Structures are given as C-alpha cells and as structure tokens.
C-alpha cells in the first residue's frame, strides 16, 4: 500500500490521466462561458451556431488525417496546399459527375500523401521537413492553376450545401474513422509507433509500411475535405487552404492531444479541439478584435497548450 501511494505521489499533477482528460473539457466550457458573456449571448444564437457549424465541417474532416499522423509522432504541414490542389481537381471533375469529383479529390490527396510518406520513410527525412517542402511545392501548383482565373465547380454544386447533407457526410466519415481507429488495432499500432519505433518493431508492427499508409490515408481524408470545401465555396483560388495546417495543429492541441503522439492520444481530441478552436476564433471575430491581436492570442494559447499536453516521457521527437 505504501509503495502504491508513493508511486502515485511521484506522478506530476499534469501527467495524471484524470487531469489530462478534464483540462481540455474545462477549457472548452470556460471559453464558451467567456464568449457567451462577452458577446451578450449573440455567439450562441441559432443563426450563429448554424454558421459556426457550417464553418467546421472542412476542419473536422481534415483534422482526422493529421490526428493519425500526429499519433505516430509525425507532423503534416502540407494539408492546406493539399486541400487547395485537391479542390481544383474536385471542381474540374464536378462538371462531369459528383461521385467522380469526390473520388478525384481522394486520389489527389492520397498521391500527395504518398509523396510525403515516401520521403519520410524511404529517404529518412523528418515529416516536419518533408511536409514543409510539399506545402510550398503544391501551394505553387495551386497558384499556377489559378493564375488566370479561379477554377469554378459546376454551377449547381451549391445544392449540396445543406445542413442534412454536410452534417451526414461529416458524421459518416467520423464514425468510420472512429471505428477503424478503435476496433481494428490501427490505434494501437499508431500509438505504439508514437511511443517508440524500436519497441514497435520488436512488437511485430511493420512501422515503415504503416507510416506510408497513414500519410496516404491522411491525404485521402483531406481529399474528402476538399470535396466539402468545393461544395461550400464553389470555386478555388490561389489562397484555398491557406493556414489550414496551423488551424488543425492549434485545434488538436486545444483538444488535449500531445504534439508528439503516443499512448495518451484520444480520438475525442479531434471534436473537442475543433469546436474549441471555432468558438474561440469566432468569438474573437465577433468582438471585432484586430487580426494581429487575434493571432497573438491564439499563439499564446497554443504555446500554453503545447507545454501542458506534451508527453515528456517520450520526449519532443518529430519522426
């Protein structure tokens, strides 16, 4: 009994599972209450809630892929550029068939993810460096493809921009991702890789193959997010997907996800984080704060969250 008590006392307060679970939830509640007061309840009026939800679909879907990459200890900063290029393909193919357009977005994202995975795994370049490079590469592709004019989707694509369709589409993707991550052993393998690649190999996990497949899967999921983006916007410009990777990173960390992945990752980090980020950013906009001040506040909060939720036992190693 004394040994157990001593062992529990040695665990730092912020490392305790119950604390790591409660903090993100408490942060979400505090932010909701704070902005409800500061905006006199306007932020949570039905019309504004509907707008907030409609702005969240793309971020929710694209966060799933990055969540999986981060779980195994990697980073992916190419999501914004990837979404821009995939959105161009979706818009172009939408003139022929909507199902073909969705498949085109998935394939485009998957191919870009394969490039990321190849250079990370086969060429032994850290995911941070690889995805920064592809971010700039495909941002240039997106800018070149939209130099003369935006790429427009089929004229009646907006008919799909309804609450039932968008919400159902997002929920189906989320449920499928949750079931696969939780009940197929994928989550275990990704957490094991995030905790330590050497130990994962000894446990029989095919680390290299898993990492490549996850980068591809993250790209395919972003292709689905591009499909949602094309439906919502109806066209693509050179700025499509700008800052998406930053939004995803902030959202996941706000949801309590360790930046270096590992065993402490939880699937609900995605939803909790995205909704916290959206309430926070929408509240700041509604208060009419200057853009520079908004960025400063988000940066400070992000830094605090990284310090709180980093898994210090595994170290801040980006694979």
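Descriptive notes on the structure:
- Within a Gaussian network of the chain (alpha carbon springs, distance under 10 Å), most fluctuating of 292, 55, 247: 292
- Gyration tensor verdict on the stretch 157-249 (Cα atoms; rounded if a/c is under 1.5, prolate if a/b is larger than b/c, oblate otherwise): prolate
- Taking 161, 229, 116 as the candidate residues, the one with maximal mean-square fluctuation in a Gaussian network model of the chain, Cα springs under 10 Å, is 161.
- Gyration tensor (alpha-carbon) shape descriptor, the stretch 210-319, a/c threshold 1.5: oblate
- Residue exposure proxy: 107, 175, 130, ordered by other Cβ atoms within 10 angstrom of their Cβ from fewest to most, comes out as 175, 107, 130.
- Gyration tensor verdict on the stretch 172-223 (Cα atoms; rounded if a/c is under 1.5, prolate if a/b is larger than b/c, oblate otherwise): oblate
- When the helices of the chain are scored as -39500 (n - 2.57) per DSSP H run of n ≥ 4 and the total is divided over every residue, the value at 222 nm lands at -23500 deg cm²/dmol.
- Structural size metrics of the stretch 40-159, computed from C-alpha coordinates, are Rg and Dmax of 16.9, 54 Å.
- Contact order normalised by residue count of the chain, Cα under 8 Å, 6+ apart, percent: 32 percent
- Fewest-first sequence of 20, 201, 139 by Cβ atoms within 10 Å of each Cβ: 201, 20, 139
- For the stretch 125-183 and the stretch 246-262, distance of Cα centres in Å: 19 Å
- Going by neighbour counts of Cβ atoms within 10 Å, the residues 208, 305 line up, fewest first, as 208, 305.
- Ranked by the mean number of other Cβ atoms within 10 Å of their residues, highest first, the peptides 120-126, 22-28, 41-47, 69-75 fall in the order 69-75, 22-28, 120-126, 41-47.
- Hull volume in cubic angstrom per residue (convex hull over the Cα atoms of the stretch 75-123): 62 Å³
Coordinate-derived values only; no laboratory data. Not measured: the values here are computed from a predicted model. Neighbour counts are summed over all protein chains in view; Cβ atoms, including those assigned to glycine, are modelled from backbone coordinates with ideal geometry.
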